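Data first, discussion second: the structure below is written as structure tokens.
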Protein chains: 4
Amino acid sequence: MSEEIDGRVRRGLDAREARRAQILESSLQVFAERGFHATSVSDLVEAAGVARGTFYLYFDGKEALFLELLEDLTRHLRENIVGVDLTRGGMEDQLQATVERILATLVDNRALTRILFREAVGLNAAVDERLAAFDAELHGYVARALQVGQAVGIVRPLDAEVSAVLVVGGLREVVRRYVVGTDEMFDVSRVARAVLDHQLRGVLA
Amino acid sequence: MSEEIDGRVRRGLDAREARRAQILESSLQVFAERGFHATSVSDLVEAAGVARGTFYLYFDGKEALFLELLEDLTRHLRENIVGVDLTRGGMEDQLQATVERILATLVDNRALTRILFREAVGLNAAVDERLAAFDAELHGYVARALQVGQAVGIVRPLDAEVSAVLVVGGLREVVRRYVVGTDEMFDVSRVARAVLDHQLRGVLA
Amino acid sequence: MSEEIDGRVRRGLDAREARRAQILESSLQVFAERGFHATSVSDLVEAAGVARGTFYLYFDGKEALFLELLEDLTRHLRENIVGVDLTRGGMEDQLQATVERILATLVDNRALTRILFREAVGLNAAVDERLAAFDAELHGYVARALQVGQAVGIVRPLDAEVSAVLVVGGLREVVRRYVVGTDEMFDVSRVARAVLDHQLRGVLA
Amino acid sequence: MSEEIDGRVRRGLDAREARRAQILESSLQVFAERGFHATSVSDLVEAAGVARGTFYLYFDGKEALFLELLEDLTRHLRENIVGVDLTRGGMEDQLQATVERILATLVDNRALTRILFREAVGLNAAVDERLAAFDAELHGYVARALQVGQAVGIVRPLDAEVSAVLVVGGLREVVRRYVVGTDEMFDVSRVARAVLDHQLRGVLA
DNA sequence: CATGAATGAGTATTCATTCAT
DNA sequence: CATGAATGAATACTCATTCAT
């Protein structure tokens, strides 16, 4: 009998998780199409095919749901920004691989990325904070890498702070152009190589 | 008598223009503080010190007013991005001066810049279009400059498209960090120099 | 075998009754704390420790349950308002005992009394009707007692109708003050004596 | 011109006050009929014949409006409970006049009185506080009067606290019966006399 | 019998826009 | 031209009740 109850509970929990996932997924699509502000809870429940009350059974509101979607993406991203080991050879290949992974992740999560770039800022203190934290993390990561590079003599003398800003901004713009601003595919490998080539060697002849 | 009427009309038009300018200016401040979505028409008329009806006498609505503010800024910017004559010597100095002018303009219009970066996207088809156009313009300008540079042998062989994206993104990020994200001043000249140094020569030793 | 079934049924009914009683009791507490309107069915099922559906298996809804609680209290009260035999001596002692019994009953059911006084009116036609009926019953009881008293010469000539209203109202106010409005105990006997003294002899010297 | 503007402003303010009064009056009727909880903002705006938005232009919500109605009544009442001067003769006549005034005021404001008695308690902390304060004031007034009476020898030795409770409760019940519980008129003078006769002299022969 | 996920009608409240004065 | 009271469609959210498991 306890097994039967366990079974029931288990099935209940599974169903709950499935519902949550279903609402998250359909909401993601709606947000990506309409944008956060233009999306009403009615839009979300309609897309999810559930009643208004059901929506609130799973989420505290559209902002809370949105926050969860953002967390999903930043988690995805963090998992893909793994460190480059400068003591090992083939640094440029490692960097290339990292940039490719980041771009591929964002392409795979195009809807979320679109939301993130288009409307995530200024919605909500919690969202802003989360994004600012991610931003600082990213910037710090690049700046430290440059400083380490300078210490080991790979990187020439330069303003590591500003260069970190430029590297992050360049990547952000690539995403804006090739992931957010279009539905077309692009050659991730080629773009990643061009990015590295530019950032490492500049444009002067 | 026609002169008298002209005088009246003139005075009327001047007053009208002054009112418009006053409402635009006060609205700009409110938008910069509260953000577009958190700002209501009530906030705007209160800040302007005019009646609600008067507001609609001068603008078609809060979005239309916002659009005008954006146009102001993009016009300002356009005026400051003047071409670099690569055939003349001192190219790097010319670029340095251009970057400095852009940054200085944005610092001078911090409120507008903040609005532009924080919330302008996804508000409205018209706004999006205008921003996209400016973006394309900027990108094209840089890309063409790079191609010309390649033609005259100043710029090494590279993917001009991607490099243009990286240059624009780098500048955008600098603005995000040093203009939008803080109220503190920064050394425009030093940052401009670091930007050029990075973009021209890359980071490798 | 029929015995066995009887046993089963009996056990089933007992369990049912126990469940009902448990839900009634916990609901009473919640109503007394939060008040009728501020109490949701969720509060009730949570307090009872049963599922939402189970609640509706035992009661038609929160109003129906509330009505049952009210009936409990009015039944308790009716049982304690036993007639005074004016032909027998010691009338004042009998009245004193009656008032004490009423007050003691209400103190013993403080939660219910509180609900009754604070929020029972205007909830629902059924509740209102029940309360009005109890009210009329009480009023009639006192009025008749006064008339009988007049007939036997114990009560002086007066407006029995109005006096009945005043007697009931006085008692009601005592309950409001000493039972509903506070959690402190009070000297039931002393108050009952003061009540009778006042109502029987007035305040004039 | 300043006169003209003054005129405009004056007219505007008058109109505002008239609207407020109109909404208050129609809301009062609805509350008296349906009761507070059964009344929705929709009911109120429909009764007032204004748009939903207009309602919120004048009141913060239905609770705020309700609070204003209650304040109206308690102000009316306070103005009618003027002290009895025991040093002057004809004390009983003075009391009679006071009771008559109170009853007349409540009859004149039957709708408000009905609301006050039926549903004012337990709605809201602010309302409760206001009512409790009025209650305490009333009780204190009577208790002090009894004590003064005892001091000057008009009132016999008794428990002034409990007697005050009984007097207030008696009056409250009279109102409940003759004002709140029916739409019929009653002989205010006769009832007031019966009330005083009962409270002053009791029921015993 | 018991469960609790799902429902959807209902509620309060906001706010861009209009228009009579 | 200027005003600001009035509008009402739209929005987020609640909660008593049902019903498949």
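The values are calculated or read from the model by the stated rules, or taken from the named source; none is laboratory data. Since the structure is predicted, the reported quantities are computational estimates derived from the model, not experimental observations. Backbone-built Cβ (ideal geometry, glycine too); neighbour counts: all protein chains shown.
May I ask you to verify whether residue C:99 is within 13 Å of DNA strand E (Cβ to nearest atom) and either farther than 30 Å from residue C:189 by Cβ or modelled with pLDDT of 90 or more (or both)? Taking the combined requirement at face value, the residue does not satisfy it. Among residues of the range C:50-69 that are closer than 14 Å to residue C:19 by Cβ, those with a beta-carbon under 7 Å from a residue that is surrounded by 13 or more Cβ atoms within 10 Å (Cβ to Cβ) and of a type in the set (D, E, K, R) at least six positions away or on a different chain give the pairs C:58/C:19; C:58/C:20. Would you mind stating whether residue A:164 is part of a helix (DSSP H, G or I) and free of Cβ contacts under 8 Å to residues at least 24 places away in the same chain? Considered against the rule, which asks whether it is part of a helix (DSSP H, G or I) and free of Cβ contacts under 8 Å to residues at least 24 places away in the same chain, residue A:164 comes out as no. Being touching a strand residue (DSSP E or B) at 6+ places or on another chain (Cβ under 8 Å) and in a helix (DSSP H, G or I) is a description that does not apply to residue A:169.
Looking at B:32, B:38, B:21, B:51, which is the one that is closer than 20 Å to residue B:112 by Cβ, loosely packed, with under 13 Cβ neighbours inside 10 Å and of a type in the set (A, V, I, L, M)? Lay out the reasoning, then the answer.
Values: B:32 fails: loosely packed, with under 13 Cβ neighbours inside 10 Å; B:38 fails: loosely packed, with under 13 Cβ neighbours inside 10 Å; B:51 fails: closer than 20 Å to residue B:112 by Cβ.
B:21 is the lone residue from the list that is closer than 20 Å to residue B:112 by Cβ, loosely packed, with under 13 Cβ neighbours inside 10 Å and of a type in the set (A, V, I, L, M).
Is it the case that residue A:104 is assigned by TED's automatic domain parsing to the domain that holds residue A:164, more than 26 Å from residue A:19 (Cβ to Cβ) and either surrounded by 18 or more Cβ atoms within 10 Å (Cβ to Cβ) or modelled with pLDDT of 80 or more (or both)? Reasoning before the result, please.
Values: assigned by TED's automatic domain parsing to the domain that holds residue A:164: yes; more than 26 Å from residue A:19 (Cβ to Cβ): yes; either surrounded by 18 or more Cβ atoms within 10 Å (Cβ to Cβ) or modelled with pLDDT of 80 or more (or both): yes.
Yes; evaluated as a whole, the condition is true for this residue.
Is it the case that residue A:135 is more than 7 Å from every other protein chain (Cβ to nearest Cβ), part of a helix (DSSP H, G or I) and within 26 Å of residue B:192 (Cα to Cα)? Break it down into steps so the answer makes sense when it comes.
Numbers: more than 7 Å from every other protein chain (Cβ to nearest Cβ): yes; part of a helix (DSSP H, G or I): yes; within 26 Å of residue B:192 (Cα to Cα): yes.
In short, yes.
Only a single criterion out of (1) at the interface with chain D (Cβ under 7 Å from one of its Cβ atoms); (2) out of contact with any His (no Cβ under 6 Å at 6 or more places or on another chain) is not satisfied by residue C:108, namely (1).
Restricting attention to the range A:43-85 and to residues that are closer than 17 Å to residue A:102 by Cβ and of a type in the set (A, V, I, L, M, F, W, C), the residue that is modelled with the lowest pLDDT turns out to be A:84.
Only one residue in B:189, B:163 is of a type in the set (Ser, Thr, Tyr) and farther than 21 Å from residue A:171 by Cα, so which one is that?
Details: B:163 fails: farther than 21 Å from residue A:171 by Cα.
None of the other options fit; the residue is B:189.
Taken over the range C:142-194, residues that are closer than 29 Å to residue C:111 by Cα and surrounded by fewer than 16 Cβ atoms within 10 Å (Cβ to Cβ) amount to 9.
Report, by residue number, each residue of the range A:154-204 that is polar (S, T, N, Q) and at the interface with chain B (Cβ under 7 Å from one of its Cβ atoms). Give the derivation first.
Pass one, the range A:154-204, residues polar (S, T, N, Q): A:163, A:182, A:189, A:199.
Listed by number, the residues that qualify are A:163, A:199.
Of C:169, C:202, C:153, C:181, all but one fail to be small (Gly, Ala, Ser), out of contact with any helix residue (DSSP H, G or I) (no Cβ under 8 Å at 6 or more places or on another chain) and within 16 Å of residue D:162 (Cβ to Cβ); the exception is C:181. Note on the range B:31-63: residues that are away from DNA strand F (no atom under 16 Å from the Cβ) and of a type in the set (A, V, I, L, M, F, W, C) amount to 3.
So is residue A:148 at the interface with chain B (Cβ under 10 Å from one of its Cβ atoms), in contact (Cβ under 8 Å) with a residue 12 or more places away in the chain and in a helix (DSSP H, G or I) or not? If you could, list the steps in order and put the result at the bottom.
Details: at the interface with chain B (Cβ under 10 Å from one of its Cβ atoms): no; in contact (Cβ under 8 Å) with a residue 12 or more places away in the chain: yes; in a helix (DSSP H, G or I): yes.
It is false that residue A:148 is at the interface with chain B (Cβ under 10 Å from one of its Cβ atoms), in contact (Cβ under 8 Å) with a residue 12 or more places away in the chain and in a helix (DSSP H, G or I).
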